[in-house]
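Here the structure is laid out as structure tokens; the discussion comes afterwards.
The values are calculated or read from the model by the stated rules, or taken from the named source; none is laboratory data. Note that this is a predicted model, so its numbers are computed, not measured. A quick note on method: Cβ atoms are made from the backbone with ideal geometry, for glycine too, and the neighbour counts reach across all protein chains shown. Just so you know, the surface numbers come from the protein's heavy atoms only, side chains and all, with ligands and any DNA or RNA stripped out. Shrake-Rupley method; radii C 1.70, N 1.55, O 1.52, S 1.80 Å.
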Amino acid sequence: MESKFKEDVARLWEAHKAHMAEQRRRYPAKRIVAAVAEAHELTVDELHSVRRPRRYCHARHHAAWELRRRRQDLGLSQIAAHLNRADHTTAHHSYTTFARMVAQGRYAAERARVEAILAEANNE
């Protein structure tokens with residue numbers, strides 16, 4: 001019985017590693033950030049900037065949300081680094097803020113645009 005359990009765990013672990021490798025291949029973090037910037041009609045430099053106009057902040061929140069959804073192997077500190085932010089608390093705040101917006105039905109067009117951009121990039 002214990003041997004069967006160990007085999008199942010090993011099989012599941014290998015499947016998990018393969019899934020994470022596929023996520024890394026299909027959705028490089030830089031591509032996700034660029035897609036969000038394009039969907040919000042910003043440049044990547046504007047998304048990374050320290051400026052705080054609402055449209056920049058919402059785009060950064062969206063980028064953190066997309067990174068967390070599509071790249072489950074990235075920790076919050078890594079997500080913050082991809083967005084040129086100081087630490088994990090900023091990424092966590094961005095993720096939860098945008099998740100609230102999604103629950104309210106906001107930014108559906110931008111999310112659909114990111115999906116289309118990433119699908120197009122994966123078909124090339």
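For the chain, the share of accessible area belonging to carbon and sulfur comes to 52 percent (1.4 Å probe, ligands and nucleic acids excluded). Note on region 1-121: Rg/Rh from Cα positions, Kirkwood definition for Rh, rounded to two decimals, is 1.08.
If you wrap a convex hull around the Cα atoms of region 57-112, how much volume per residue is inside, in Å³? Intermediate values should be presented prior to the final figure.
Working: hull volume 3.7 nm³, N = 56.
Per residue, the Cα convex hull of region 57-112 comes to 67 Å³.
Just to compare against my own numbers: the Cα pair-distance distribution for region 1-54, 10 Å bins, whole % per bin, please. Spelled out per bin, shortest first, that is 21, 26, 19, 16, 12, 6.
The GluC sites (Glu not before Pro) of region 16-76 that DSSP puts in a loop, and whose beta carbon has at most 16 other beta carbons within 10 Å, are GLU41. Can you compute the charge dipole magnitude of the chain about its Cα centre, using +1 on each Lys and Arg Cβ and -1 on each Asp and Glu Cβ, nothing else charged? Give it in debye, rounded to the nearest 20. With Lys and Arg at +1 and Asp and Glu at -1, about 340 debye. Helix content alone sets the calculated 222 nm mean residue ellipticity of the chain: runs of n ≥ 4 DSSP H residues at -39500 (n - 2.57) each, divided across all residues, give -25000 deg cm²/dmol. Enclosing the Cα atoms of region 30-69 in their convex hull gives a volume equal to 55 cubic angstrom per residue. A Förster distance of 25 Å, applied to the separation of the beta-carbon atoms of GLU14 and ASN123, puts the FRET efficiency at 0.35. Here region 41-77 is scanned for amide nitrogen atoms under 15 Å from the site 7 Å beyond the Cα of HIS88 along Cα-to-Cβ, giving 68, 72-77. The residues of the chain expose on average 63 square angstrom of accessible surface per residue, using a 1.4 Å probe on protein heavy atoms. Sorting SER94, SER77 on solvent-accessible area from highest to lowest, probe radius 1.4 Å, gives SER77, SER94. Full extension of the chain between GLN78 and THR43 gives 10.5 nm of extra length, using 0.36 nm per residue less the Cα-Cα distance.
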